[in-house]
Each structure stands twice: as structure tokens, then as C-alpha cells.
1. Given points 7 Å out from each Cα along the Cα-Cβ axis, report the residue 118 to residue 12 separation in nanometres with one decimal.
2. Just subtract the alpha-carbon distance of residue 76 and residue 143 from 0.36 nm times their residue separation and send over the number in nm, one decimal.
3. Put +1 on the Cβ of each Lys and Arg and -1 on the Cβ of each Asp and Glu in the chain; which of 68, 38, 97 then has its Cα farthest toward the positive end of the dipole?
4. How big is the charge dipole of the stretch 36-150 about its Cα centre, in debye rounded to the nearest 20, if each Lys and Arg gets +1 on its Cβ and each Asp and Glu gets -1 on its Cβ?
5. Once phi is turned into ³J(HN,Hα) by the Karplus curve 6.51 cos²θ - 1.76 cosθ + 1.60 with θ = phi - 60°, what whole-Hz value does each residue of the stretch 35-51 show in order, with x for glycine and proline?
6. Excluding residues on the same chain fewer than 8 positions from residue 146, give the lysines whose Cα lies under 26 Å from its Cα.
7. Could you derive backbone 3J(HN,Hα) for the stretch 57-74 from the dihedral phi with the Karplus parameters 6.51, -1.76 and 1.60 (θ = phi - 60°), listing whole Hz in sequence and x where the residue is Gly or Pro?
8. Over the chain, how many percent of alpha carbon pairs lie in each 10 Å bin up to the one with the longest distance?
Amino acid sequence: MKPIQKPQDPLSRFSLAVFNMNGLLLRSGDRVTRSIDQSSARWQVLGRIGHGTPTVAHIARDMGLARQSVQRIADVLADEGLAVYREHPTDRRTKLIEITPKGTEVLNAIYERYAKWNRHVMSRLDPQQLKNIADALEEVERIIEKELNDFGSGKPGSDHTEEGDFL
């Protein structure tokens with residue numbers, strides 16, 4: 001059987017590079033957090049909790065993950081005393097999740113370790129080039145998010161009104 005050729009168009013190459021980079025970032029996050037019995041997944045969820053009082057569903061949407069995956073991690077963080085569930089003031093069907101003082105200590109410890117890793121990696125990168133890449137990535141993110149939000153909406157100005165338009 002003949003191997004499938006990798007796509008060479010710019011958006012496909014970009015997407016594959018982002019997927020590969022995501023994997024590398026997760027591996028580096030696991031390395032940063034390993035010595036304090038954490039992981040990249042826990043760091044991501046704890047970080048989201050530490051920067052507000054979201055719901056599990058909100059965290060999952062923001063991270064592009066299944067709610068059940070985030071729920072499992074949030075439950076472990078709560079069991080370990082790093083987070084606590086609170087009643088949602090306007091929606092009894094869901095709970096808010098908040099970071100605890102112990103969770104803040106762990107998150108700060110992760111950030112300290114990450115700062116060392118960051119300095120090491122940045123010594124090998126051009127900060128301006130990295131800023132330009134981040135700016136471009138954020139622009140692609142805005143465009144794709146808008147397309148996904150407009151897709152099938154029937155909004156005036158939306159080029160695509162049915163899912164089959166892309167198939």
C-alpha cells in the first residue's frame with residue numbers, strides 16, 4: 001500500500017505544525033510538573049480555575065476538550081484539596097470550581113518551574129520572531145473561530161449556510 005502524502009497547502013501545513021507543537025508543549029509541561037506529582041492536563045485545568053471561577057463546561061469549551069475529560073481532572077483536583085466546588089448562584093444544575101490555597105501553592109510552584117524552563121528555551125529563540133508567530137496564530141484563531149461561529153448560521157454575509165458546503 002502506498003503511503004499517503006502529507007498535505008502541502010499552507011493551512012494544512014500550519015495545522016500539522018500546530019498539532020505537533022501542541023504535543024511538544026504537553027510533553028514539556030509534563031516534564032515541568034512531574035517533580036510535584038502533577039501533569040500538563042492538571043496544570044491546564046488548575047490554571048483555568050486559578051484565573052477565575054469557571055464551570056467545568058466552560059473550561060472544556062475554552063480548551064477544546066470533552067467535558068467529561070475536564071470533569072475527571074477537576075474531580076481529582078478537588079479530591080486532592082487543590083480545588084473546591086461551589087454552588088452556582090444562577091444555575092443549580094451546574095457548579096463553579098474554585099482554586100484553594102493549597103491549589104494556589106501548587107500552581108505557583110508550577111509557574112516557578114515553568115519560568116526556569118521558559119528562560120532556558122527563550123535563550124535559544126528570537127523573542128521578536130516568537131511574538132510575530134503568536135500574533136499570526138491569534139489572527140488565524142480569530143478567523144477560524146469566526147468561520148465556525150458563522151458556519152451554518154444563515155447570517156447575512158456568511159458564505160456557508162449548510163455543513164455540506166465544505167464536503
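No lab work stands behind these numbers, since they all come straight from the coordinates. Being a predicted model, the structure only gives us computed values, none of them experimental. Note: ideal-geometry Cβ built from the backbone for every residue, glycine included; neighbour counts use all protein chains shown.
1. Once both label points are built, they end up 3.7 nm from each other.
2. On the way: separation 67, 0.36 × 67 = 24.12 nm, distance 3.53 nm.
Separation in residues times 0.36 nm, less the Cα-Cα distance, equals 20.6 nm.
3. 38
4. Values: 17 positive and 18 negative charges, 56 e Å.
Magnitude of the dipole: close to 260 debye.
5. Values, residue by residue: 5, 10, 6, 10, 8, 4, 4, 5, 4, 4, 5, 4, x, 5, 5, x, 9 Hz.
6. Answer for residue 146, where 26 Å is the Cα cut-off: 131, 155, listed by chain and number.
7. So the Karplus estimates, Gly and Pro as x, are 4, 5, 4, 4, 4, 4, 8, x, 10, 5, 4, 5, 5, 5, 4, 4, 5, 4 Hz.
8. That works out to 8, 26, 30, 24, 11, 1, in percent per bin.
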